[in-house]
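Nothing in this text is a laboratory measurement; each read-out follows from the coordinates by a stated rule. Remember, predicted model here, so these are calculated numbers, not experimental data. Virtual Cβ from ideal backbone geometry, glycine too; neighbours counted across all protein chains shown.
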Amino acid sequence: MTVESITEGPLVTVERLTRRGPRPGLIALLKAINKNGFYYLLALPGLLYFLIFHYLPMFGIIVAFKDITPFSGLDGILHQPFVGLFHFERWVKSYYFTNVMGNTLIISGLKLLFGFPTPIILALLINEVRTVWFKRTVQTISYMPHFLSMVVVSGLVMNLLSSQGGLMNQFVVALGGKSHAYLTDPHYFRAILVGSHVWQHVGWGTILYLAAMAGIDPQLYEAAMIDGANKFQQIRHITLPGITFVIIILLIFAIGGLLNAGFEQILLLYSPAVYSVADIIDTYVYRSGLLGMQYSFATAVGVFKSIIAMILLLGANWVARRLGQTGIW
Amino acid sequence: MVKLSRGERIFEIVNYIALILLSVAFILPLFTVLSTSLIGEAEYARRGLFFLWPEQPVLAAYELLLSGGSIVLNAYLITLFRVIVGTFLNLAFTTTLAYVLARRNLPGRTILTIFVFIPMVFSGGLIPSFILMDTIGLLNSVWAMVIPGLISVWNMLIMRNFFMALPQELEEAAIVDGAGPLTILTRIVLPLSMPAIATIGLFYAVAHWNAWFDAAIYIKDLRKLPVQVILRGILQQAVMLEPETLTNIQVMPPSASLQAAMVVISTVPILCVYPFLQKYFVKGALIGSVKG
């Protein structure tokens, strides 16, 4: 105020712009905000939801840097002393680290190896069917397992592999073999995971490929036929190149999600007998945290995973953008 | 019709056979679980479990599971609650936020969008979420199955893209006619968006029907558990039939058929509606991918 009374002349305009009242741009902005009040109000419940159920847990990773037990309460979380990276060190140096990381990457890698190409092959097969009702029926049936809950699928797997007369063992016995408890055998467990994963998702995975195939110009096929290309050459030189970009994008994002080896599936199917081949980061966090009550340690392991997963996902998105695709955001 | 070469005809036949076999492979596990569920104690003792269809199908397992006042019927009510109330709230929260984020000239839109996107990339993880639920007193409440998942970022994006694709002239014309923002939303945008809202609603409803992990960790009370968690308990032979129902049963069905019957009970509703809704799911999956 005092400055104002001293300054005169041309300086006043400068004053106006810098101190007194908002700049014209700001005024416009405030007006726009005021005019849009309805929309901010409309977004408020959703934004609050994100704040409470996504951002608060993010700040909750503070637990990983302290010594928190289930009985510490909010007070303990806020006021206990920091222990630095103690829990992270404990995790990286622990006996379980290599085992759990190895299992996560192996199971996830196997699922990628078998779960990624199979929908492409199935889509190619379905695409060659010219009987419309047959095509529709196959599609409807193959999408169906995608809509079953993980618990139901685990129930189907248990039923199929039961050592007390499950279908699988009946075949084995009929062929002269011996009944075997596959689900608790470390030699078979990963194969079961991959198999049931492919069974559940292969059909649904064809959707994007089939859509891309439907978008290929039929004239290309006509021209190829006139040039004497047979079915296989058409698939090789027209269909596959036509869906290449879908394949690349899906592959990039599959790699981006490499640390998600299938938490619910494993949690439902595994048992102590197969921990050595089945324990992944998520199941380890669940057991040590919620069952073992080691809140701080389990949070540290979870944060470790979140950070690597974030790098993978951002990397995948970056690569997708570099390739001229839109990425997921 | 183009004449096929011999190789192509063989391919055609092999292709059809392969697809038929695959279809059988998709259905077979469901079929065996159904036949297992119908096996009675006597037949099980005599023949063991396997055969494609029982000689004398019995409904003992279903009678036991669905008898009056049973935990399974109760679980069905809980599941219905989460599907109906949950989906409704999902849609309310998702639609409003998506509508706002779809407004191109809204000041701060970019910041709000980033705010909503960050949780897609980084999350606090299991334990902090659990501590949060404990702190705000949602443990052991049926709302623990509804509130933590109110908005799926992915579904919200699909909605947002749908709103952005609506012609802007609609809103401009309505403003000329004197309509306020609320009228525009409720009388113009929402009616036009019903197909998209229905599709997203279906995604949410199926997710609610199938969800189990949230209930399994947040809810302890047997009478508040949904069907999927009861199924899991029965599969792991940990649960959970109440003593009074058990005393009324003369012969216990074999545990395998009990488990199988529970699988059937929790699957049938999905399988009944699925063929009719399939095309909407496919449509939704495609919208989500085209401009995500």
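For this structure, a couple of remarks:
- The mean of 1/r over all pairs of different alpha-carbon atoms in the range A:262-329, once inverted, gives a Kirkwood hydrodynamic radius of 13.9 Å.
- Fraction of alpha-carbon pairs over 15 Å apart in the range A:192-246 - percent: 57
- Projected label distance in nm at B:A42 and A:Y95, using a 7 Å step from Cα toward the beta-carbon: 5.4
- For chain B, the alpha-carbon radius of gyration amounts to 1.31 times the rule-of-thumb value 2.2 N^0.38 Å expected for a compact globular protein.
- Each 5 Å bin from zero up to the one holding the largest Cα-Cα distance in the range B:110-163 carries the following percent of pairs: 4, 15, 20, 23, 17, 13, 6, 2.
- Its Cα centre serving as origin, chain A has a Cβ charge dipole (Lys and Arg +1, Asp and Glu -1) of approximately 320 debye.
- Mean separation of Cα pairs under 8 Å and 6 or more residues apart, divided by the residue count, gives the range B:75-208 a relative contact order of 47 percent.
- R0 of 60 Å, Cβ-Cβ distance A:S179-B:E169: FRET efficiency to nearest 0.05: 0.30
- The simple Förster model, with R0 at 60 Å and r as the Cβ-Cβ distance, assigns B:Q237 and A:I27 a FRET efficiency of 0.30.
- Cα-only Debye scattering, the range A:106-165: base-10 log of I(q)/I(0) at q = 0.28 Å⁻¹: -1.07
- The alpha carbons of the range A:134-243 occupy a box of 58, 32, 27 Å along the principal axes, longest dimension given first.
- Overall dimensions of the range B:80-187 as given by Cα atoms, namely Rg and Dmax in Å: 17.2, 53
- Mean residue ellipticity (222 nm) of chain A, computed from DSSP H runs ≥ 4 via -39,500 (n - 2.57), nearest 500: -20000 deg cm²/dmol
- Helical mean residue ellipticity (222 nm; -39500 (n - 2.57) per DSSP H run of 4+; nearest 500) of chain B: -22000 deg cm²/dmol
- Among the residues of B:25-35, the average count of other protein chain beta-carbon atoms within 10 Å of the residue beta-carbon is 5.
- The Kirkwood radius of the range A:86-322, taken over pairs of alpha-carbon atoms, gives through the Stokes-Einstein law at 4 °C and 1.567 mPa s a diffusion coefficient of 63 µm² s⁻¹.
- 22 Å Cα-Cα threshold exceeded, pairs from A:K135/A:K231; A:K111/A:K231; A:K135/B:K283; A:K111/A:K305; A:K66/B:K220: A:K111/A:K231; A:K66/B:K220
- Neighbour cut-off at most 13 other Cβ (10 Å), DSSP loop, trypsin sites (Lys or Arg not before Pro), the range B:58-139: B:R104
- Under 20 Å from the Cα of A:K93 - aspartates and glutamates, other chains or at least 8 residues apart: A:D67, A:D279, A:D282
- In Hz, Karplus ³J(HN,Hα) per residue of the range B:158-171 (6.51, -1.76, 1.60; θ = phi - 60°; x = Gly, Pro): 4, 4, 4, 4, 5, 4, 5, 7, 5, x, 5, 4, 4, 5
- Of all complete DSSP H helices in chain A, those with a Cα span along the helix axis of 20 Å or greater and a mean Kyte-Doolittle hydropathy of -0.5 or more are A:95-115, A:186-201, A:240-256, A:295-322.
- Neighbour-count order for B:L106, B:L19, A:L51, fewest beta carbons within 10 angstrom listed first: A:L51, B:L106, B:L19
- Largest first, the three principal axis extents of the alpha carbons in the protein assembly as shown are 108, 75, 53 Å in whole numbers.
- Fraction of alpha-carbon pairs over 21 Å apart in the range A:70-195 - percent: 67
- Relative frequency of Cα-Cα separations exceeding 20 Å in the range B:147-210, percent: 38
- For the range A:193-322, the equivalent ellipsoid derived from the Cα gyration tensor has semi-axes of 43, 18, 9 Å, listed largest first.
- Derived scalar couplings between HN and Hα for the range B:189-206 equal 5, 4, x, 6, 9, 3, x, 5, 5, 5, 4, 4, x, 4, 4, 5, 5, 5 Hz in order, rounded to whole Hz, by the Karplus curve 6.51 cos²θ - 1.76 cosθ + 1.60 (θ = phi - 60°), x for Gly and Pro.
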